[in-house]
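Novice: One structure follows; several queries about it will come next.
The values are calculated or read from the model by the stated rules, or taken from the named source; none is laboratory data. What you are looking at is a predicted structure, and each value in this text was computed from that prediction instead of being measured. Neighbour counts are summed over all protein chains in view; Cβ atoms, including those assigned to glycine, are modelled from backbone coordinates with ideal geometry. The protein model used for the area step is the full one, side chains on, heavy atoms only, and it has no ligands, DNA or RNA in it. Shrake-Rupley method; radii C 1.70, N 1.55, O 1.52, S 1.80 Å.
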Amino acid sequence: MANIFTRIKNAVEADLHDVLDKKEQKNPIKALNQYLRQAEQETEKVRRLIDRQYKLKEEFTKEFEKASHFAEKRLNQAKIAEKANEVEMFEFAMKEHEEYKNRADRMEVSRNEATEQLDKLEQKYEEMKHRLKDMHLRRMDLMGRENIAHANHQINKVMQHSAEQPYSRFSEMERYIEGLEYKVNQSYFRSTFDGKIDKLEKELKEKEMEI
């Protein structure tokens, strides 16, 4: 049963990819715009990660400074307690000092790691912005070329249509005139035929009388 569902899933995905490929072939600029939007979304995700990393770095820095401050404060208090021979207070201050110092050390490591990660994210973000800008410029170039190709195709189509149209009209007019001439000539011939025959008959009779 699982194999059947897997085959159905693969068939549906194949059909979907086929549809997308056909759409891409039909309108490549539209497909390119979609890819650019996806690239913009990925770039925006990285920007948000950078913002979060900045906040984390600030939090680590605050915690580091706070822990360092209390570690130093407890150390000074331990020195005062030691001079005053307050053993219990000395031990409490030193214990607190160690805890704050360990916390400060951990926060310093975390801050350094956050700073290193932030530098990498910023480098990647800048790289993505440059690549995105290059893709936008290349899209503009492709759109310009496509527009010129469509314009030239349309111009050639119009010019070809305009060039052929007058000749077709002239041909129609010539055929019409030829047909009209034929009809007029036929009508003229018929209308003058009797007169020409009468004239020929008269001329023949005159010649016979002369003989």
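Novice: Taking all protein chains as present, what is the carbon and sulfur share of the accessible area of region 27-128, in % to the nearest whole number, probe 1.4 Å?
Specialist: That fraction is 50 percent.
Novice: If R0 is 35 Å, what FRET efficiency do you get for GLU59 and GLN154 from their C-beta distance, rounded to 0.05?
Specialist: Taking R0 as 35 Å, the efficiency between GLU59 and GLN154 is 0.05.
Novice: Give the residue list of GluC sites (Glu not before Pro) in region 47-154 that are DSSP loop and have at most 15 other beta-carbon atoms within 10 angstrom.
Specialist: Answer in residue order: GLU86.
Novice: Here's something else I'd like to know. Determine the alpha carbon to alpha carbon distance for each of LYS30/LYS120; LYS133/LYS157; LYS79/LYS101; LYS55/LYS120; LYS30/LYS157; LYS55/LYS101 and list only those over 27 Å.
Specialist: LYS30/LYS120; LYS133/LYS157
Novice: Let me spell out the model: positive unit charges on the Cβ of Lys and Arg, negative unit charges on the Cβ of Asp and Glu, origin at the Cα centre of region 26-77. What dipole size does that give, in debye rounded to 20?
Specialist: Roughly 240 debye for region 26-77.
Novice: Using the heavy atoms of the protein chains and a 1.4 angstrom probe, tell me the accessible area per residue for region 48-187 in square angstrom.
Specialist: Each residue of region 48-187 exposes 83 Å² on average to a 1.4 Å probe.
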